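Some notes on the structure that comes next.
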Amino acid sequence: DAGVTQSPTHLIKTRGQQVTLRCSPKSGHDTVSWYQQALGQGPQFIFQYYEEEERQRGNFPDRFSGHQFPNYSSELNVNALLLGDSALYLCASSRVGYRETQYFGPGTRLLVL
Amino acid sequence: GQQLNQSPQSMFIQEGEDVSMNCTSSSIFNTWLWYKQDPGEGPVLLIALYKAGELTSNGRLTAQFGITRKDSFLNISASIPSDVGIYFCAGQLAGNTPLVFGKGTRLSVIA
């Protein structure tokens with residue numbers, strides 16, 4: 001039973017560039033949530049996708065956007081990167097209708113120079 | 001964004017000692033979760049609590065969902081070196097709503 005997978009593991013970008021991060025949910029899960037974790041902090045909710053639509057969104061600017069595909073995998077896109085976007089980006093998957101506990105992937109470490 | 005109050009921030013203990021940490025919130029949650037995160041990895045779910053007053057164990061770990069719904073506690077008995085890491089509490093209002101995290105408790109175990 002494959003867990004949540006994310007790619008790439010690490011990424012280095014420069015200010016102003018754009019980045020796409022990818023997530024495959026745990027087998028049997030249909031909902032994907034994205035979190036940003038700055039150094040020394042707990043994860044902060046970015047947004048959640050279910051049935052290929054953004055269902056909920058945290059306090060993040062429109063530079064952060066996403067997509068969910070028919071196979072439930074998801075992408076997180078960040079445009080016009082800022083130094084402050086450097087963080088660990090975590091994907092969590094869950095299944096609607098059964099307690100909906102969220103399981104996390106290993107994360108993508110993004111460094112913006 | 002909102003964060004839960006987690007304490008202590010860090011702790012150093014001897015191998016074999018018991019550990020207690022807690023998490024409080026100004027608002028009510030209907031689910032409390034405890035995760036452990038190792039450096040460079042994603043959080044791993046340890047215990048999930050779904051009912052006020054619930055006490056749940058997972059091996060040497062025991063967690064409780066506070067009666068007020070505004071707090072939760074995690075205890076680790078007879079600590080071992082592999083318990084080292086950062087422990088996060090998370091509250092959830094309802095199913096599939098966003099998790100709200102604490103800042104974590106960093107645990108170090110001295111052999």
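List of remarks:
- Average Cα contact separation per residue, chain B, under 8 Å, 6 or more apart, as relative contact order %: 38
- Neighbouring partner chain Cβ atoms per residue of A:43-53, average, 10 Å criterion: 3
- 18 Å reach of a label modelled at B:LEU45, 7 Å along Cα-to-Cβ, counting backbone N of the stretch A:93-113: A:93-107
- Anisotropy class of the stretch B:46-111 from Cα gyration tensor, a/c 1.5 cut: prolate
- For the segment A:35-42, counting C-beta atoms of other chains within 10 Å of every residue's C-beta and taking the mean gives 5.
- Calculated FRET efficiency for the pair A:GLU100/A:THR20, C-beta based, R₀ 30 Å, to 0.05: 0.70
- What you get for the stretch A:29-84, charging only the Cβ of Lys and Arg (+1) and of Asp and Glu (-1), is a dipole of about 280 debye around the Cα centre.
- Chain B, dipole about Cα centre (Lys/Arg Cβ +1, Asp/Glu Cβ -1), debye to the nearest 20: 360
- Estimated from the Cβ-Cβ distance and a Förster radius of 22 angstrom, the FRET efficiency linking B:LEU55 and B:SER26 is about 0.40.
- Relative contact order, whole percent, for chain A stands at 36, derived from Cα pairs under 8 Å and 6 or more residues apart.
- Cβ-to-Cβ counts within 10 Å put B:CYS89, A:CYS23 in ascending order as A:CYS23, B:CYS89, the fewest first.
- In terms of surrounding Cβ atoms within a 10 Å radius of their Cβ, B:PHE65, A:PHE69 rank from fewest to most as A:PHE69, B:PHE65.
- FRET efficiency, B:GLN9 to A:THR9 (Cβ-Cβ, R0 41 Å, nearest 0.05): 0.90
- For the stretch B:1-45, the residues whose backbone nitrogen is under 13 Å from a point 7 Å from the Cα of B:ASN75, taken along Cα to Cβ, are B:18-22.
- Put in line by how crowded their Cβ is, counting other Cβ atoms within 10 Å and starting with the fewest, A:TYR103, A:TYR35 read A:TYR103, A:TYR35.
- Using θ = phi - 60° and Karplus 6.51 cos²θ - 1.76 cosθ + 1.60, couplings along the stretch A:36-43 (whole Hz; Gly, Pro as x): 10, 10, 6, 4, x, 10, x, x
- For B:GLY85, the residues whose amide H sits under 5 Å from its own are B:LEU107, ignoring neighbours fewer than 5 places away on the same chain, with H placed 1.01 Å from N.
- Anisotropy class of chain B from Cα gyration tensor, a/c 1.5 cut: prolate
Rule-based calculations on the coordinates, nothing more; no lab input. No experiment lies behind these values; they were computed from the predicted model shown. Cβ atoms come from the backbone with ideal geometry, glycine included; neighbour counts cover every protein chain shown.
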